[in-house]
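Okay, so here's the structure we're looking at.
Derivation of every value follows stated rules applied to the coordinates shown; laboratory data play no part. Computed from a predicted structure; not experimentally measured. Because the Cβ atoms are built from the backbone with ideal geometry, glycine has one as well, and the counts that use them run over all protein chains shown.
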Amino acid sequence: MDRIQSTLTDMNYFMDAVGEEVSITDKVTIEDGTISENIIKFKAIVRDYAPSLHEDMEISALHEIKRGNVIKYRNANYLVVSESMATKPLMYEGKMRYINLTFTSPGEKIAIEWDRFGNPKKWIQLPDKVIHCIIDKQKDITISDNTAIRVPKEEVLITIPAYEGYDTDFKVGSIKPILGKNYKIIDHDLIQRGLVIITGEFTTSGS
């Protein structure tokens, strides 16, 4: 047994002994008209992340952890917001944050069979898409355009996993109800690979 294999065996033994089960839903697959989720379960060491203003946890695992992964841990969902290779060989580490809101987007209707002329003849309805979000509220003080009165400007930051179609689900200019208030989507930030950070501005307009 070579050194790397021996180290991996030791790490697997250690993780099985002290780790807790977590899971990642990797992707939805369609085969013969049947929709299924690929749920990956593995052992990880999870501990409180300190200091933190959020409900953050540190996670270490032998399974690869990527920014943007949604990890289920103790019946709660967390979004991986940072990732790194650990100092220990073959170990992955990351910081994950508690998901405090979900949105639902209607599933697509897609063709799975076509006739000899290339026209769709059989369709399947995909399940509704659940979008996991981290909501952070922030307030700035701004100067009113019409007066010299300083007024509070309330915004939210909506952090979601990056996925195809986010710009449709959170279209700039659209209004989203969040925690009992309406917010107008004003910006998408893609600077962090695997995440989209969306800015919403409080509005009195309806959705």
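Within a Cβ distance under 10 Å of residue 186, other residues only, what is the Lys/Arg minus Asp/Glu net charge?
-2
Which of the aspartates and glutamates could be linked to residue 95 by a straight reach, that is with a Cα gap under 18 Å, when you skip same-chain ones fewer than 8 residues away?
20, 21, 48, 55, 56, 58, 64, 83, 136
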